[in-house]
Every structure is written in structure tokens, then in C-alpha cells.
Amino acid sequence: MHESPIREPLIVGNPSYTDITHDICVPTETRPSKYWLAGFAVSVLVMMYGFFCIGYTVTYGIGTWGVNKTIGWAWDITNFVWWIGIGHAGTLISAILLIFRQEWRNSINRSAEAMTIFAVLCAALFPIIHMGRPWNAFWVLPLPNDLGPLWPNFNSALLWDVFAISTYLTVSVLFWYTGLIPDLATLRDRSKSKLRKNIFSFFSFGWTGSMRHWNRFELVSLILAGVSTPLVLSVHTIVSFDFATSIIPGWHTTIFPPYFVAGAIFSGFAMVLTLMIIARKVMGLEKYITVAHLEAMAKIITLTGSMVGLAYATEFFMAWYGQNDYEGFAFINRAFGPYWWAYWSMITCNVVSPQFFWFGKLRRNINFIWCLTIFVNIGMWFERFVIIVTSLHRDFLPSSWAMYSPTWVEMGIYIGTFGLFFTLFLLFAKYLPVIAIAEVKLILKATLTSKPKEAIYGYQDQNYDIHKAYAITQAAKIAVTQNDDHSQNDDHHDDERNAATDDNANPEILGKPVL
Amino acid sequence: MIKITRTPAIVAVFDDDDTLKDAIRLSNDKGYKILDCFTPFPVHGLERLLDLKYSRLGYAAFAFACLGFLIALSMMSYMLAVDWPINYGGKPTWPLASFIPIMFELSVLVGSIGMVVTYMWVCGLSPGVEPVIYEIRATDDRFVLLIEEGSIGDNIRNDMIAMKAEAVRNDDYITHNFPGPVPIRLK
């Protein structure tokens, strides 16, 4: 596979295949570090507190929350939409970027998909708690029952959500696990103790790495990516239908589906960056998750952040252009009403802050990226809060206008879902390969062979001078054309090149790598 | 009754995917019968060299997706229009447009599950299956080629050594005639 030399290498430090296996597997094979244990203990405690708050809600009822008859949806649905959005980056990375052949996805897709699964689990908690009687949650499913049987209302966007989110969770798990099987086989073959070997033998399903299996594996990945792409768009579209199909001013807009999907990817990428920047440092995976990866994600954040900003502007424009008094009031009230601080926090975090990534220096500054992703996460939480609470709190009847503030129980549940998320993520990071080993090996040669070594410099080879690389490549090209007869006689050299371009249908047309 | 076949084979182990490709090209030229090939990652271009057919799993996925679509359509039609029609403010009791999201979701759900289960079945992957391992590092950094020995074992061995094989040894290639996963120890 040929790759342009002016693209930054996706793997630095020139590792061999076995180095890749070693670097990714060793953290799963050693004893957990003190930091991991501390982090895990804190996460479990926070999670327990969250479950306590859930138990408190279920025991005493939704009255323990700050919701009232005007604002019936508040923190819980905000958190639900926020967590679902966090999950969307995983599917974008694993599915959409696979279809677009973006090879930088190969070293982040595993952990991003894991985040998807954990985030969807956190999200799914909220509607179930909000039901008030969570033991009756199965009533949303069309199961035969002794009430008639009485069926759920398939016209309701809330029921579509049930199907969308359960499908999303199932397909994400399938996609994640299918990709995990070859890596579990790697762990199995490396394991030294009998117990470990048996465990990984069981979970790797007898994978051997036969070319026949790989052949099908690639097609299965591609098809799963193909169906996940519309699926991920449909999931957040349906989540936005929960609002858009109502007649509440501020919710009843057709822009919601694309606006929500862009926002979901925006916040998801921010969360992936927040966690990956820490994980690559702690687990020593800087070779595989390079600054180039972080920069690519930062660019996506700027793109989706700008889309979200455009959506905010369009909403305002439509509220004015539609000349509907209620719609107009809802938007003026959002920006200048009692919840102005939430609105302007949202604008600052979501629209202003990602614009800093237009500067290349900031885009490659890891500390800056990390801080900015925190702002994006906060901003996207505020976006859902603004949409939900400000649209509800001043409804058509001024006598029922109300304000909302959360109680400790609601906050506890939200904080508790962080505990759940981090508990699951820490377990994943400790016991499973956080990077798809096979997929990184797949791009190793392509990403290293076409790069002039002279252009790589700096600490741990993290920097790559594109201009220098281009100049060297051009010079080499001229040299090759001048010495054409000479290079053709060089049999050994020619063989290597043929091997390197084996995938190209017609290497003569597509051109051979020069270096 | 599952029939297990053992074919005497030459196992050639390579430490690079390009040398593996060269060895396969040579084997194809000389007419050696390649039984299988084990690699730590999906080496692109091998499927053409080994003349592997394009997998038909896509058709399976499509068939399962159609099944999911029909399940969703018939389920919702039966429940809302036949079994218990409800008058929601005079709206139609068979609202096809409202069915679209769930029809789509169930197509994706049944299609993906069906395809992944079919894939597991045809690859013989299942919890409890004992892998047949010819080279323990084939999931790490070694590329393994299995060639039928026949009566020309020495020729193959010499050719593989000439093609920079790191190790060449004899082993039995084990296959069975059951189409799905076989949870017994084969080796």
C-alpha cells in the first residue's frame, strides 16, 4: 500500500511487529499499578454513591428531584442525551472513518468503541430511572401481556428510542467484539499461566489467523461499518425526535437531527481525546497514538463545533424569520432570560473554544487540547441543559412559569454514572488490549516505508517536517528518472518495490513509492 | 459423525509479509498446493495470491436484514392494526411512516447479528473451540505457510529455505468435514 510521504507517520519510533504486540499486551499482563488501583477504587466508590442515589430515588420517588410540573424533564434527560452523544465518537471512528479509509483510526478505534458501549450503558440508566418504577421497564417492549394484550405505541419517538438504543448497543458490542477476537488470540498465545491461557482461549473463540478467516473478517468489519454508519445517524436523529416531534417552542424544529448528530460527534471526540491523552501517557502508547492522531481529532472537533455553531445561528435566524411569537420568545429567553449564564457558557465552550484549533501550534499542544476538550464536554452538557430546561421553564401559560435547580440526588446520579463509566473503562484498559493490535500492524509498513527518515526529528520522533519530506521526495524522484536504466537493472531493488505496491491494481499507473 | 482429515504438510515460517508473498508467488509458479496461511493481521493482497473467493457474507447480511425488516413490519402491523387498533385522535391505525425508524433499526439489528453469527459459524469460531496452532507466534509476528507435502517434500523444503523461510518443518494439516465450529481438541 502506497502512502504519500507528505503525510505524517501514524506510528513513530520504528517498531517491529513483535514490538507492537509487546507494547500493547504488556500493560494487560503486569500487575495493576498503584495509580490504577487508586483510580479504580475512587471510580467504584463514586459508582456506589450513584447507585445509592438511584436507590433513594426509587424508594422515595421522583419528588426527591428538582423537577416540577412545568419542568418535567431536566438533568436526567440532559444526562441521557449527553452520554449517548459521548458514545457516538466511537462509532464514527470505527465505522465512518473505516469507510473513508482513514488509517489513523486504527490505533484509536478499540478504545473509542469501548467508550461507546460504556457511555450507552450510562445513558440507558436515565430513562429507566425516570420511569419511576424501573422494575416495570420491560413494559416498553412489545411483549405479550395479560392486559389485553396491550401493545406499546409505535407512533411514539420515545419507543423508537428504545429500539434505536438497544440496537445501537448490540451492534456496537458486536463490532467491538468481532475486532477483539484476533487480539484476544494474541493474548492467548502470549499467556504464560494456564488460567490465563484458558480464559483467553475461551474468549478468543479458537481464532488462528487463517487467511480464509481474515478474508471474511475484513468483509464483516466493512459491512458492520456500513450498517453502523446510518445506525449512528439514526440513533441521534431519533433522540432528537424526542424533542422535535413535540410542539414546545425551541424544540419543534426540523434542524434538530443533523444538529444533534454533529453535537454528538463533537462531544464524543472531546471525550475520546480527554481519555486517550491520559491513557497514551499512562500506558506508554505514544508511539501508536501520536500527536498526528490528536491533531486529526482536533480538526474534527473544529469541524463539528463549527457545525454546531452554525446550527445555533440557524435556530435563531429561523425563530426570527418564522415570525412566530412563541418561538421568538423561547430563543430570546434562552439567551437573555434567567438561564442566560447556561446559554453563554454553551456558546463560549462550543462555538468559541474549538476555533482555537485553527492555529497549528495549539492543535499540536497536548496540554492545550486536553483543557479544551474539558471545555467542550462542559459546553455540550450545557447545550442539552439549555435546550431542555430553557424551553420548558416558561411555557405558554405565564402562571405556570417556574425555575429549576437540581437536588443532591440528581447530581449524585450524574456523578455516579461517571463512576460507572470510569470503572468499566479502567477494567477495559487493564485487562484488554486498548489498541487494535492487528489493525496497527496492518498499517505499519505503509506508514513507515514511504517516509524519509531525515524528516523525522525531536523527542521520541514525534515531529515530522512535511516540507522537508516533500523536498527530499521530489529530489529522489528526479534522481530516479535520471537514473532510470540503472535502477531497472537493480533486480533486488525492483522486487522490493513490487512487493510494496502489491495491493495496487496497476502499480504502473498509480506510481511506485520512491523511498 | 465428524470426520477429521490429516494431510502431511510442510510448515514454512516467515518473519515478514513480503517474503511470505514471494514464497506464495513461487509456490504458485511451481504448482505447489497451498493448504493454508496464518498471519497476525490481514495482509492485503494475499487473497489475490491465494485465489480466495470474495466472501458471500454480504448476501447473508442482506437476507438477515430483510428478515428483520419483515419482522418489524409484520409485528407492528399486527399489534397496531389487527390485534388492538387504538384511535389516537382519529389518526390512521396503520401509520406506515411511523414504522420507518423501527423497521430500519430491526433490519440493522437482525442483519448484523445474523451476519456475525454466520461468520462465526463458517469460520468455526465459538467459545470452547480449541485452536489448531502450527506456530505459536502466528498471532504475534510470524507468517506461516502450509503446503501439501505429497511426494515432493524435499523440493518444497529447499525452495522455502531459499525464499528466506525462518523455519521449515513437517506437520499434519488438520481439517474436518463439519461446516461449523467443532468444540473438540483436534491437535
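What follows draws every value from the coordinates through simple rules; no lab data is involved. Quick caveat: nothing in here was measured; it's all calculated off a predicted structure. Note: ideal-geometry Cβ built from the backbone for every residue, glycine included; neighbour counts use all protein chains shown.
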Checklist entry - With +1 on each Lys and Arg Cβ and -1 on each Asp and Glu Cβ, how big is the dipole of chain B about its Cα centre, in debye rounded to the nearest 20? => result 600
Checklist entry - In the Gaussian network model of chain B, springs joining C-alpha atoms below 10 Å, which of B:Asp140, B:Asp36, B:Asp172 carries the largest mean-square fluctuation? => result B:Asp140
Item to check | Cα-based radius of gyration of chain A once divided by 2.2 N^0.38 Å, which approximates compact folds | outcome: 1.09
Checklist outcome for this item: Candidate span helices, chain A: DSSP H, at least 20 Å along axis from Cα coords, Kyte-Doolittle average at least 0.5, result A:34-60, A:109-130, A:157-190, A:211-244, A:256-282, A:291-321, A:366-385, A:408-431
Checklist entry - Under 5 Å between amide H atoms, partner at least 5 residues away or on a different chain: which partners does A:Phe205 have, H built in plane at 1.01 Å? => result B:Gly128
Checklist entry - Nearest 10 degrees, 0 to 90: what angle lies between the long axis of helix B:96-123 and the longest principal axis of chain B (Cα atoms)? => result 20
Next on the checklist: If I take every Cα pair under 8 Å that is 6 or more residues apart in chain A, average their sequence separation and divide by the length, what percent do I get for the relative contact order?
Outcome noted: 31
Next on the checklist: Relative contact order for region A:281-407: what percent, with Cα pairs under 8 Å and sequence separation of 6 or more?
Outcome noted: 28
Next on the checklist: Suppose the Debye formula is applied to equal point scatterers at every Cα of region B:57-123; what is log10 I(q)/I(0) at q = 0.23, 0.26, 0.29 Å⁻¹?
Outcome noted: -0.87, -1.00, -1.12
Next on the checklist: For a Förster distance of 30 Å, can you work out the FRET efficiency between the beta-carbons of B:Arg169 and B:Trp121, rounded to the nearest 0.05?
Outcome noted: 0.40
Item to check | chain B: projected area of the alpha-carbon convex hull, averaged over directions, in nm² | outcome: 15.0
Next on the checklist: Can you tell me, using C-alpha contacts under 8 Å and at least 6 residues apart, the relative contact order of chain B as a whole percent?
Outcome noted: 49
Checklist outcome for this item: One computes Rg over Rh for region A:17-167 from alpha-carbon atoms, with the Kirkwood Rh, and obtains 1.07
Next on the checklist: Placing unit charges on C-beta atoms (Lys and Arg positive, Asp and Glu negative, everything else neutral), compute the dipole magnitude of region B:61-161 about its Cα centre in debye, rounded to 20.
Outcome noted: 680
Checklist entry - Quick one: if the Förster radius is 25 Å, what FRET efficiency do A:Phe368 and A:Ile466 give, using the C-beta to C-beta distance and rounding to 0.05? => result 0.75
Checklist entry - Which whole-angstrom value gives the distance between the alpha carbon centres of region A:374-431 and region A:307-360? => result 19
Checklist entry - Can you give the angle from 0 to 90° between the axis of helix B:153-162 and the longest principal axis of chain B, with both taken from C-alpha atoms, to the nearest 10? => result 90
Item to check | Size of charge dipole - the protein assembly as shown - debye, nearest 20, with Cβ of Lys, Arg +1 and Asp, Glu -1, no other charges | outcome: 1480
Checklist entry - So what are the ³J(HN,Hα) numbers for region B:13-30, from phi and the Karplus equation (6.51, -1.76, 1.60; θ = phi - 60°), rounded to whole Hz, Gly and Pro as x? => result 10, 10, 10, 8, 6, 6, 5, 4, 4, 4, 5, 5, 4, 4, 4, 4, 4, 8
Next on the checklist: Modelling each spin label as a point 7 Å along the Cα-to-Cβ direction, I'd like the A:Ile255/B:Ala97 distance in nm, to one decimal.
Outcome noted: 2.3
Next on the checklist: Please give me the summed charge of the neighbours of A:His236: other residues whose Cβ is under 11 Å from its Cβ, Lys and Arg +1, Asp and Glu -1.
Outcome noted: -2
Checklist entry - So between A:Leu147 and A:Lys194, what do we pick up on full extension, going 0.36 nm a residue minus the alpha carbon distance? => result 11.6 nm
Checklist entry - With respect to the cross-link table entries A:Lys287/A:Lys441; A:Lys192/A:Lys287; A:Lys441/A:Lys468; A:Lys445/B:Lys21; B:Lys33/B:Lys53, which display a Cα-Cα separation exceeding 18 Å? => result A:Lys192/A:Lys287; A:Lys441/A:Lys468
Checklist outcome for this item: Ranking A:Gln355, A:Leu219, A:Leu424 by how far each Cα lies towards the positive end of the charge dipole of chain A (+1 on Lys and Arg Cβ, -1 on Asp and Glu Cβ), the top one is A:Leu424
Next on the checklist: Under the 0.36 nm per residue contour assumption, what length would be gained going from the current alpha-carbon distance of B:Tyr54 and B:Ile184 to full extension?
Outcome noted: 43.9 nm
Item to check | Value of [θ]222 nm, deg cm²/dmol, for the protein assembly as shown, DSSP H segments ≥ 4, -39500 (n - 2.57) each, nearest 500 | outcome: -19500 deg cm²/dmol
Checklist entry - What residue among B:Pro179, B:Ile10, B:Leu46 has its Cα farthest toward the positive end of the dipole of chain B, where the charges are +1 on Lys, Arg and -1 on Asp, Glu, each on the Cβ? => result B:Pro179
Checklist outcome for this item: Of the residues A:Thr274, A:Trp341, A:Trp135, the Cα lying farthest along the dipole of the protein assembly as shown towards its positive end, which is defined by charges on the beta carbon of Lys, Arg, Asp and Glu, belongs to A:Trp135
Checklist entry - Sequence-distant or interchain residues sharing an amide H contact under 5 Å with B:Asp36, placed H: which? => result B:Leu146
